[in-house]
Amino acid sequence: LDGADVFDVTVSSDQNKVMASGVDSKLVSIERIPSSDPRDSKWVLAHQQRSHTHDVNSLATVFLGGNELLCSGGVDTKVCSYLVRNMREHRAQLAYKFPTKAPIVLSKGPRLLSIMRADKIDFYQLARLTAPLQNTTTPLPQDEERAHIGSIAISSNYNLISFDVSDDGKFLAVSHTAGLLMFSLKMVETHTGQGSQLTNVIVPKKVELPSAIITPCSALKFVSSKMLVCATTRGFVNMVRIDSEGETFSATLEHTFNKDETRESANTNFPITELSVSPDGLWLATGSNDYGKGCINVFNIATEYRHWWALPCTETSYSCMKFFGDGRLDPALAVACHKGVVYIFDIKEKRMSDWSEDIGFPASRMLPKELALVSGCPENLAYNNATPDKFIMGGPSWFCSIDLSSPVPLRSKPYPLDHFKARTWQPKIDYTHSKPEIKRRDDLNKNFTICLRYAGIIFQDFLGDNEMVIVEQPWLSIVNALPDALERPRYGGY
């Protein structure tokens, strides 16, 4: 390692290879030369790789599918794997990160935005637009302090892990590692202390749950104010019915999908991390941080509770999913994957939609290459009922508009056109094998335009027709929360 400090060393299972890494982006492999006399065998530096951009802190060897793999992790937050038996000919494989699931829920009826903290749920009342939507061309920032209308603190020794609020804002379900809790919510108008202005306040009331339901949940989703889906950490999914008698509410266990149904065709036991319900309330999709067939399963929850379909494998692991539709037409399930790939599935017919079939498989070959150049994988999918042929796909610092009725362009255009994040896009575009008229037609195609004007996007969804909500987490607030840097002497300084 050229005199640099070594952070970690690991040895192959046959003890003939030693891999080391340290204060450098380089990883080296030192191998033993076979000899008839073990005492005369020599160790030589066989090869090295630079798959990381910064220091490599940790190494480990694992066995997967009969192959011995070397895994490395570094300051650049990347995890790479190498084939131990032949590191010279095989490049490192980058392990995809688990997508970030922001603990934010938007209740469209009361215009309520809910955020889960470590030990409480904060509620924010979104202001109504004062100008017509067609005349609103600039974002309308919300004052966080003025929009805050209350919090529900959960007194426990455990952090909260999942929650959901019904779309009408009447119920809250929240879970920690000790079990599930449910509250009924009531909006009460009250006068502020500075005048006669009215403001809403959240008044919660705990709903008693039977012991069969009080199970830690990795994901929660309200189908309506009368049905709750609970994906438990043990692998099964509970359908909980909510009944009411006046101001008194009760919950009963309606049905349970066992572990075999929720893990059909999957090889691992990762917990379910995402739930999506179709707008008509007929279909339920579950997703886990897995790769291959079985990481996304669809259930029929309308006329009969049964497993319907395990979605086929895609070329990369999925990062987010969402049902599209307004409840009047058959819903479609959109699945976004790493590298900016998106597929749309016809759930009722158990196949890809016509749009995805026209693009082909793998879709990454036909979609604009700029989707793979933007930072971060897709983490949000948003559907606008006012434009049924369009939807939004976005990541932590970008989002793009996709029109299913328009042709797919050869390249995506940035917005703004002169944004610095798009400076590296142009060299990646190759029109060598395209006709001039195709290039001119592609320049006029605005489909898949990528908006780069936001940063730190952690949530994105439509609140109403042509009205979208974006929640940003500025990096400066994250940096300010970090501990102070350690003081150390610098070479050549005092």
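The values are calculated or read from the model by the stated rules, or taken from the named source; none is laboratory data. What you see is a predicted model, and the numbers here were worked out from it, not measured in a lab. Positions of Cβ are generated from backbone atoms using ideal geometry, with glycine treated the same way; all protein chains shown enter the neighbour counts. We work out accessible area using only protein heavy atoms, side chains counted, and drop any ligands, DNA or RNA first. Shrake-Rupley method; radii C 1.70, N 1.55, O 1.52, S 1.80 Å.
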Give, in nm to one decimal, the length gained when the segment between Lys226 and Met468 is fully stretched (0.36 nm per residue of separation minus the Cα-Cα distance). 84.5 nm
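When only DSSP loop residues count, what GluC sites (Glu not before Pro) in the stretch 1-110 have their Cβ near at most 15 other Cβ atoms within 10 Å?
Working: sites: Glu31, Glu68, Glu89; in loops: Glu89.
Answer in residue order: Glu89.
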Over the chain, with the other protein chains present, what is the accessible area per residue in square angstrom, probe 1.4 angstrom? 56
Express the carbon and sulfur contribution to the solvent-accessible surface of the chain as a percent, rounded to the nearest whole number, probe 1.4 angstrom. 51
Tell me the GluC sites (Glu not before Pro) within the stretch 272-362 that lie in a loop according to DSSP and have at most 10 other beta-carbon atoms within 10 Å. Glu304, Glu349
Subtracting the Cα-Cα distance from 0.36 nm times the residue separation, let me have the gained length for Val6 to Asp358 in nm, one decimal. 121.6 nm
Work out, in µm²/s and without decimals, the Stokes-Einstein translational diffusion coefficient of the chain at 25 °C, 0.890 mPa s, Rh from Kirkwood over C-alpha pairs. 95
Loop-only check: which trypsin sites (Lys or Arg not before Pro) in the stretch 16-79 are DSSP coil with at most 14 other Cβ within 10 angstrom? Lys42, Arg50
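Only four residue types carry charge here, +1 at the Cβ of Lys and Arg and -1 at the Cβ of Asp and Glu. Report the dipole size of the chain about the Cα centre in Debye, rounded to the nearest 20.
820
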Contour excess over end-to-end distance, with Cα ends at Ala153 and Asp418 and 0.36 nm allotted per residue: 90.8 nm
Quick calc, Ser375 & Val18: beta-carbon distance into FRET formula, R0 41 Å, rounding 0.05, result 0.70
Label-to-label distance, nm, for residues given as Val203 and Asn258 (7 Å Cα→Cβ offset): 4.6
Please list, ordered by chain and number, the residues whose modelled amide H lies under 5 Å from the amide H of His255; skip anything fewer than 5 residues away on the same chain. Met239
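By the scheme Lys and Arg +1, Asp and Glu -1, what is the net charge of all other residues having a beta-carbon under 12 Å from that of Glu357?
So the environment of Glu357 carries a net charge of -3.
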